[in-house]
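Enquirer: Below you will find the structure I want to go over with you.
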Amino acid sequence: MNVILPTDLSYCNSLRQRREKLAEKSDNPVILWSGKAASRNFPANQYPFRASSHFLYFAGLPLENAVIRLEAGKLELFYDNPPASASLWHGDMPHRAEIAEVIGADRHYPLEELAGKTTDAVTIPVQDVITYQQQCDLLQRSVSLTGKDLNLAQAIVSLRLCHDEMAVAELRKAAQVAVKAHQAGRNAVLSAKTEAEVRSVMEGVIIAHNMTCSYNSIVTTHGEVLHNEQYHHSLQPGDLLLADVGAETPLGYASDVTRTWAVSGQFSPTQKDIYDIVLAAHDNCIAKMQPGVEYRDIHLLAATTIAEGLVNLGIVQGNLEELVARDAHALFFPHGIGHLLGLDVHDMEDLGDMAGYESGRVRSDRFGLKYLRLDRTLRSGMLVTIEPGFYQVPGILNNPEFRNTYNDVINWERLAMFSDVRGIRIEDDVLITDSGTEVLTADLSY
Ligand code: GLY
Ligand code: MN
Ligand code: MN
């Protein structure tokens, strides 16, 4: 894949600072691979290339089949110049020396020279299997998140958790384009005939800004299917359409935004009742967030707000604290309140829970907590999503075990009156600041 070199070189200093900070935390040389594009059935037809986010964080550019070696804050780039024949298919491609200058590399070599420079090196396993095999072959060991590789992963997490100025500038751009996509989606839903039409309008905005989608878009009248990736349903006047669509900048930074709209432009009274509960959970959470606050408590605040709203509607009955302690809210809000956001839409989830969970904390297996992706004390510079929801998931609500466990607190006849609400979610991207929060997606209405 060809790469466009940025003309604004100010970010080179940010990259250098990141590398210097890593040098303070790592005694071993660090080698990071960018990866390769996967093929679609035959080699010349490739899926779009996405560089490893750890590589991107320190190298800054989405170079395919490139490797960086970091030692004592110095950067060495290993990358093969494109063969002359490549320009026929890909146009003129930048050469290694130009790239090295743009990203501030101290030295640069062809890829084959990496073999002599791997002694004592540590790395992070990449996702694509061909590159992963190269990592193991070159380092002459199996690569996994253990030993000194684990120490490296922890060091990188500590850097990537709180975003620097360059990252925040990119994240703002990703957020703004997602806002525009959702504004277009909200208008399109009034005249579109299918989910696919609304998706095309929203993704069209993202593409028109020379960005890509940061994950597979969810644009569905079946919002109760949490990661629904079907777009064939027609839109009926009484339907709700849930749109979870985010943008990714060319340098790899993501946004993640959800809105739920009435296809007719107007909620039914029952849809409005539930929408207001989800919005109250969203607003309550954001109002409480600031450095020092536990994200888990924010999740529990959303759970309590949703439980309270459902009690007020007569769908649920009981004491709020007990309902949340019994995970009764999770019948309708089964996922976590959100996650880290950065170069990955679930930032650093390639490392399992290492980024999401503070050292010494482990994921609960409780029904109401097991999908909580983030359990850390909030700090200035973190970007997180806040995404409460209400869903009527048949697999949960028709499960005899759940029905039995929660029979005393659910009024099933009352719940049946809300059958025109399959799924509602509201999701925004919230930057923790020194004084509280800044919602990067605040320009989008509810
Ligand atoms: N778009 C996926 C998520 O909200 O986590
Ligand atoms: Mn999300
Ligand atoms: Mn989302």
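The values are calculated or read from the model by the stated rules, or taken from the named source; none is laboratory data. All values reported here derive from a predicted model rather than from experimental measurement. Quick reminder, even Gly has a Cβ in these numbers, built from the backbone with ideal geometry, and neighbours come from all protein chains shown. Ligands, DNA and RNA are stripped out before the accessible areas are found, and what is left, the full protein with its side chains, is counted by its heavy atoms. Shrake-Rupley method; radii C 1.70, N 1.55, O 1.52, S 1.80 Å.
Enquirer: In segment 209-312, if the dipole is taken from +1 on Lys/Arg beta carbons and -1 on Asp/Glu beta carbons about the Cα centre, which of 285, 230, 267 is farthest to the positive end?
Expert: Going by the charge dipole, the pick is 267.
Enquirer: When the chain is treated as a GNM, springs tying every alpha-carbon pair under 10 Å, which of 158, 435, 268 comes out with the largest mean-square fluctuation?
Expert: Among 158, 435, 268, the largest mean-square fluctuation in the Gaussian network model of the chain belongs to 435.
Enquirer: Let me ask something else. What ³J(HN,Hα) values, in whole Hz, does the Karplus curve 6.51 cos²θ - 1.76 cosθ + 1.60 give for segment 18-28 when θ = phi - 60°, with x put for Gly and Pro?
Expert: Per residue, the Karplus-derived 3J(HN,Hα) values read 4, 5, 5, 5, 5, 4, 5, 9, 10, 7, 8 Hz.
Enquirer: What is the dipole size for segment 95-185, taken about its Cα centre, with +1 at each Lys and Arg Cβ and -1 at each Asp and Glu Cβ, in debye to the nearest 20?
Expert: 340
Enquirer: Assuming 0.36 nm per residue, please report the length gained on full extension of the stretch residue 325 to residue 377 beyond their Cα-Cα distance.
Expert: Details: separation 52, 0.36 × 52 = 18.72 nm, distance 2.11 nm.
Value of the extension gain: 16.6 nm.
Enquirer: Right, next: What is the local net charge at residue 433, summed over the other residues whose Cβ is closer than 15 Å to its Cβ (Lys, Arg +1; Asp, Glu -1)? Could the numbers behind the result be given before it?
Expert: Values: positive: 172, 288, 379; negative: 164, 165, 428, 429, 434, 438.
Local charge sum for residue 433: -3.
Enquirer: Restricting to DSSP H runs of at least four residues, report the calculated mean residue ellipticity at 222 nm for the chain, -39500 (n - 2.57) per run over all residues, nearest 500 deg cm²/dmol.
Expert: Calculated at 222 nm, the ellipticity per residue is -10500 deg cm²/dmol.
Enquirer: Roughly how much of residue 202 is accessible, in Å² to the nearest 10, using a 1.4 Å probe?
Expert: Accessible area, nearest 10 Å²: 0 Å².
Enquirer: Here is a further query. What angle do you read, to the nearest 10 degrees and between 0 and 90, between the alpha-carbon axis of helix 147-160 and the longest principal axis of the chain?
Expert: Between the helix axis and the principal axis of the chain, the angle is about 70 degrees.
Enquirer: With point charges of +1 on the Cβ of Lys and Arg and -1 on the Cβ of Asp and Glu, referenced to the Cα centre of the chain, which listed residue (316, 23, 97) lies farthest in the positive direction of the dipole?
Expert: 97
Enquirer: What dipole magnitude, in Debye to the nearest 20, does the chain give about its Cα centre under +1 on Lys/Arg Cβ and -1 on Asp/Glu Cβ?
Expert: Numbers: 38 positive and 58 negative charges, 47 e Å.
So the magnitude is around 220 debye.
Enquirer: Note the angle between two axes, namely the Cα long axis of helix 269-288 and the longest principal axis of the Cα atoms of the chain, as a number of degrees from 0 to 90, rounded to the nearest 10.
Expert: 50
Enquirer: What do you reckon, how do 209, 232, 163, 339 stack up by accessible area (1.4 Å probe), largest on top?
Expert: Per-residue accessible area, sorted high to low, gives 232, 209, 163, 339.
Enquirer: Residues of the chain: accessible area per residue at 1.4 Å, in Å²?
Expert: 44
Enquirer: So what's the net charge close to residue 239: Lys and Arg +1, Asp and Glu -1, counting the other residues with Cβ under 13 Å from its Cβ?
Expert: Details: positive: 193, 422; negative: 195, 224, 420.
Every neighbour counted, the sum reads -1.
Enquirer: Could you work out which residue, out of 310, 341, 88, moves most in a Gaussian network model of the chain, that is, has the largest mean-square fluctuation with Cα springs under 10 Å?
Expert: Most flexible of the set in this elastic network: 88.
Enquirer: On C-alpha positions alone, give me the angle between the axis of helix 129-139 and the longest principal axis of the chain, in degrees, nearest 10.
Expert: The answer is roughly 50 degrees.
Enquirer: GNM, the chain, Cα, under 10 Å: largest mean-square fluctuation among 33, 412, 89?
Expert: 89
Enquirer: Karplus couplings for segment 391-401 from phi (6.51 cos²θ - 1.76 cosθ + 1.60, θ = phi - 60°), rounded to Hz, Gly and Pro as x?
Expert: Running phi through 6.51 cos²θ - 1.76 cosθ + 1.60 with θ = phi - 60° gives 9, 10, 8, x, x, 8, 6, 9, 6, x, 5 Hz.
Enquirer: Continuing with the same structure: In the chain, what percent of the accessible surface is made up of carbon and sulfur (1.4 Å probe, ligands and nucleic acids excluded)? Don't jump to the answer; show the numbers that get you there.
Expert: On the way: 9810 of 19620 Å².
Whole-percent figure for carbon plus sulfur exposure: 50.
Enquirer: Quick one: net charge around residue 318, please, counting Lys, Arg +1 and Asp, Glu -1 for every other residue with C-beta under 12 Å from its C-beta.
Expert: On the way: positive: 326; negative: 308, 321, 322, 408.
Every neighbour counted, the sum reads -3.
Enquirer: Another question, if that's okay. When only C-alpha pairs under 8 Å and at least 6 residues apart count, what is the relative contact order of segment 1-114, in percent? Mind dumping the intermediate values first?
Expert: On the way: 183 pairs, mean separation 33.8, N = 114.
Taking the mean separation of contacting Cα pairs over the length of segment 1-114, I get 30 percent.
Enquirer: Accessible surface of residue 326 in the full protein assembly, 1.4 angstrom probe, to the nearest 10 Å²?
Expert: Residue 326 exposes around 90 Å² with every protein chain in place.
Enquirer: Still on this structure: Tell me, what is the percent relative contact order of the chain, built from C-alpha pairs under 8 Å that lie six or more residues apart?
Expert: So the answer I get is 14 percent.
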